[in-house]
Amino acid sequence: MKARSMLAATLVLAAGGSALAQQARPAPALPGDAEARVTPALPATQALFDGYVAQRRVPGIVGAFGVGDAPTAFVASGRIAYDPSAPAAGPDSLWRIYSMTKPITAMAAMILIEEGKIGLDDPLSKYFPAFARMRVLTSPDTSLESKPATRPITIRELLTHTAGLGYNINAKGPLLKEYERLGILPAQLNAPTEAQARAVRPKTLEEFANRVATVPLIAEPGTTWHYSIGLDIMGAVIEKASGMPFDRFVQTRLLDPLQMTSTFWHVPAGDTSRFATNYAVVDGRSLPIDPAATSPYRQRPSFPYGGAGLVSSARDYDRFLHMVQDSGTLDGVRVLKPETIALATSNLLPPGVTFTGVTPGANTNAGYGAGGYVILADKPGVMAGTWGWDGAANTVAWANPKRRMRGVVMVNIFPPGSLPLRAEVPRALLADAARMNTPAGALK
């Protein structure tokens, strides 16, 4: 099979899309902006992206798709802001990846697990004694009343969102107020909210972890999947176990070896011209919720947020995924052993725990590995072994080491999940495969 045919066919299945028999609907032509169209190799995917831009659902969007040793296929459309003078969106544009930071933090943790400096089932209290005697809320949505926890939090549970920790984005009532009071707010939204958060947020990861330990859990550790600040706490553990600041560890052990030169905890002054504006759709209108010119991402964060802190490019994140796809090696540089990647991209959930997704019941065909979901079995439109995660501004990413394939889509628009990229990108890739006369058997 030709490389382009294999690219489209395999990426369709890896992305986990549905309704694979349906061809992508032709999108309206995008006037001008030819410089943003990086490759003609995937015309249906290009048309999909052009349609998003032409319909003003997004100002710009970029995808990077790869399989095996074939060159990465980049697809791009539009600009990094609605300003007509804004630069075209492209492989090196910078986007807030929010929760797509979590897989990077998780793979940093796997480096230390591989080296024996962290144990997958170590108790968290080994690194932060304040977690030795946790309590569990009896009515998480309405009260801070609690009872003693009967089991300890482990590293496995931090990596898989099963530690019983909460998140300011899904907490309610008194628990949310307690998070806000203690500054347990490990993310940046825009300049006004950041000014309020910085006034109460801890200044170090260690202080952040110790404050979290004072708040009761929403569930017994190891008993339920609940989206959480677990990967932020994992950053504190990495810092403690490595003897190196968390951000420096990520830089020296992952970003530098993978030549990810456009992935930052804050955008350097010399790179602000390629930094996208983040928009929110309100009553059908796109409003600039975080303009690039005034974004808090242009200054150093209170501390590096392992759950939502990074800015990256499609080219850079593709390099990270390419390393995962190739079982820990990229361009001859090994950052993890194949068996470590296999472990990280396997189902690490504690016995009896089911992955429910951020929206309960959203995915019944997946487990959860290190910082991302894991597809457990081949089904129509999805391949076993695919591992990945999404970001709050509608970015999506996946890699499959067993089939050696990967994909990432970069865009910055709120609310989370408002763009059906998980369904529409696979359909477009399928249409590309059909145009290339891919044999039907290749899609099975």
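The values are calculated or read from the model by the stated rules, or taken from the named source; none is laboratory data. This is a predicted model, so every value here is computed, not measured. Cβ: placed from backbone, ideal geometry, glycine included. Neighbour counts: every protein chain shown.
Output the qualifying pairs, or none if there are none: Cβ atoms under 9 angstrom, residues six or more apart or on different chains, first residue in the stretch 369-397 and among the polar types (S, T, N, Q), second residue surrounded by fewer than 21 Cβ atoms within 10 Å (Cβ to Cβ).
Pairs found: Thr386/Lys402; Thr386/Arg403; Asn394/Phe414; Asn394/Pro415; Asn394/Pro416; Asn394/Gly417; Asn394/Ser418.
Residues in the stretch 81-99 that are part of a loop (DSSP other than H, G, I, E, B) and more than 30 Å from Tyr167 (Cβ to Cβ): how many? Show your work before the answer.
Of the residues in the stretch 81-99, the ones part of a loop (DSSP other than H, G, I, E, B) are 81-87, 89-93, 97.
Pick out the ones that are also more than 30 Å from Tyr167 (Cβ to Cβ) and you get 82-87, 90-92.
Selection size over the stretch 81-99: 9.
Among the listed residues Ser312, Ser295, identify the single one that is in contact (Cβ under 8 Å) with a residue 40 or more places away in the chain, under 29 Å from Val75 (Cα atoms), in contact with a Leu (Cβ under 9 Å, 6 or more places away or on another chain) and hydroxyl-bearing (Ser, Thr, Tyr).
Numbers: Ser295 fails: in contact with a Leu (Cβ under 9 Å, 6 or more places away or on another chain).
From the options Ser312, Ser295, the qualifying one is Ser312.
Name the residue, out of Leu258, Leu254, that is in contact with a strand residue (DSSP E or B) (Cβ under 7 Å, 6 or more places away or on another chain) and either buried (at least 16 other Cβ atoms within 10 Å of the Cβ) or in contact (Cβ under 8 Å) with a residue 60 or more places away in the chain (or both).
Every option except Leu258 fails the conditions.
Tell me, which residue of the stretch 57-69 that is among the hydrophobic types (A, V, I, L, M, F, W, C) and more than 10 Å from Ala89 (Cβ to Cβ) is farthest from the chain's Cα centre (by Cα)?
The extreme case among them is Val67.
For Asp331, are the conditions met, namely being on the phi < 0 side of the Ramachandran plot and not β-branched (Val, Ile, Thr)?
No, not satisfied.
Considering only the stretch 413-434, I want to know if a residue exists there that is buried (at least 24 other Cβ atoms within 10 Å of the Cβ) and under 16 Å from Gly309 (Cα atoms).
no
Among Pro152, Pro123, Pro71, which is the only one that is in contact with a helix residue (DSSP H, G or I) (Cβ under 9 Å, 6 or more places away or on another chain) and without any contact (Cβ under 8 Å) to a residue 12 or more places away in the chain?
Pro71
Each row is one residue, and each column tells you yes or no for (1) in contact with a strand residue (DSSP E or B) (Cβ under 7 Å, 6 or more places away or on another chain); (2) of a type in the set (Phe, Trp, Tyr); (3) in the same structural domain as Gly328 (by TED's automatic domain parsing); (4) within 30 Å of Gly78 (Cα to Cα).
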residue: Asp121; (1), (2), (3), (4): yes, no, no, no
residue: Lys147; (1), (2), (3), (4): yes, no, no, no
residue: Gly164; (1), (2), (3), (4): yes, no, no, no
residue: Leu189; (1), (2), (3), (4): yes, no, no, yes
residue: Ala199; (1), (2), (3), (4): no, no, no, no
residue: Lys203; (1), (2), (3), (4): no, no, no, no
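In the stretch 65-84, what residues are closer than 18 Å to Asn278 by Cβ and out of contact with any Asp or Glu (no Cβ under 8 Å at 6 or more places or on another chain)? Steps first, please.
So the first thing to find is which residues in the stretch 65-84 are closer than 18 Å to Asn278 by Cβ, and the list is 76-83.
Scanning the stretch 65-84 gives Ala76, Ile80, Ala81, Tyr82, Asp83.
Please state which of the following conditions Gly306 fails to meet, knowing it meets all the rest: (1) under 19 Å from the mean Cα position of the chain (by Cα); (2) over 30 Å from Val200 (Cβ atoms).
(2)
Can you give me the number of residues within the stretch 70-113 that are over 21 Å from the mean Cα position of the chain (by Cα) and surrounded by fewer than 21 Cβ atoms within 10 Å (Cβ to Cβ)?
9
So Gly173 clears everything in (1) out of contact with any strand residue (DSSP E or B) (no Cβ under 7 Å at 6 or more places or on another chain); (2) on the phi < 0 side of the Ramachandran plot except one condition, right? Which one?
Going through (1) out of contact with any strand residue (DSSP E or B) (no Cβ under 7 Å at 6 or more places or on another chain); (2) on the phi < 0 side of the Ramachandran plot one by one, Gly173 breaks only (2).
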